[in-house]
Structures are given as C-alpha cells and as structure tokens.
1. Using Cα atoms only, what is the angle between the long axis of helix 2-25 and the major principal axis of the chain, expressed in degrees (0 to 90) to the nearest 10?
2. With no solvent and one equal point scatterer per Cα, compute the Debye intensity ratio I(q)/I(0) for the range 87-133 at 0.23 Å⁻¹ and report its log10, rounded to two decimals.
3. Please list 51-58, 128-135, 98-105 highest first by mean number of surrounding beta-carbon atoms within 10 Å per residue.
4. Along the positive direction of the dipole of the range 26-173 (beta-carbon charges: Lys, Arg +1; Asp, Glu -1; about the Cα centre), which of F125, Y53, P160 reaches farthest?
5. Quick one: net charge of A158's neighbours, Cβ under 11 Å, K/R +1, D/E -1?
6. Give me D23, D119 sorted ascending by neighbouring Cβ count inside 10 Å, so fewest comes first.
7. Of (i) 79, 32, 30; (ii) 66, 36, 24; (iii) 47, 31, 24, which is the value of Cα extents along the principal axes in Å derived from the coordinates here?
Amino acid sequence: MKKLILMALLFPSFLFAQNTKQDSIWIPLKSFIGTWKGEGVGEPGNGKYERSYQFILNKKFIEVKNKSIYPPSKDHPNGEVHEDVGYISYDKARKTFVLRQFHIEGFVNQYKLESISQDGNTLVFVSEAIENIPDGYRARETYQFGSEKEFTEVFELAEPGKGFELYSKVTLSR
C-alpha cells in the first residue's frame, strides 16, 4: 500500500519533469507563441500584418504563418499580398535554433539564431542560405520584445559584398 501511495505521489512529478525538459528547450522563443497583428513600413510600403506562432508535431517545431497586406501603389495598382510559412526547429548538434521560411514568391530562407540578448528580449537570426535569389545575398531578422504583448521585427537584406539595409520594420501586438 505504501508503494502505491508513493507511486501516486511521484508519478505526476515524473510526468512534469518529462514535459519540463521538452518545454525548457523552447523557453527563449516561448514569447512568440500566439496570434499577432500589426503594421509595418519599408521597401514594400506601409502594410498590415497578421502572424501566428504555434507548437506543432508534439512540440518539436514552431510553425510561423505570416500574411502581409499592402495597399495599391504605383508598382502594384491592385495592392499586394505577401504570405510565408516558417518552421523553427532546435538543431541538437549545433545547439541552436534554425528558422526556415517558405515565401509565396518562391524564396526559401534558412536562418540560424545568431544571438539572444542577456535579458532575453532581443533575438537575432542571420541567414545561412537563401534559395532562388542571386548568390551572395544575406538576410537578418531581429526581434525585439517590448512586453509580452508587443514585439518589433526588423528585416534587413544585404547585397553581395555590402552591409545590411532595412527592408521592413513591423510592430506586432496580441
């Protein structure tokens, strides 16, 4: 009877420890989880953004869905809609996060988490590879959390042999 009571007391702790280990991998990115809306400015113009981050496949990945809507402009008289889907994984061998984005225009970007600020509020991903764009281009995504309910994303591109230049800056909130 004592063994049964002991097991009943310890079993929930055992389950919690297993979940905690898996969940602890995602602590640096947990702030992203949820649905976000916002506005941005940049190369494509002023736009409205919808974004969601969710755990998928038994918390092995974070799926990112993005939709950006830009009003009519000289280059795009009917406006423009950009969509991409991304997946963040944890690369155990390199002990870092990898973000892969698949864009409606046919670009595929693979980023590696380059840095996290000491306070955990700023994350920087730098491209390792970009498909369907001339060789030598690089991209950088910087995420700055102001609170649990708001973050800013700065997307920068660098032409071959040049430094990063702002492409878009978006502020998203829950």
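1. For 2-25 against the chain, the angle is about 20 degrees.
2. The Debye formula, applied to the Cα set alone, gives -0.83.
3. Details: 51-58: 14.0, 128-135: 12.5, 98-105: 16.0.
Answer by packing, highest mean first, reads 98-105, 51-58, 128-135.
4. Among F125, Y53, P160, the one farthest towards the positive end of the dipole of the range 26-173 is Y53.
5. Result for the neighbourhood of A158: 0.
6. D119, D23
7. (i)
Rule-based calculations on the coordinates, nothing more; no lab input. Please read these numbers as outputs of a predicted model, since none were measured by experiment. Virtual Cβ from ideal backbone geometry, glycine too; neighbours counted across all protein chains shown.
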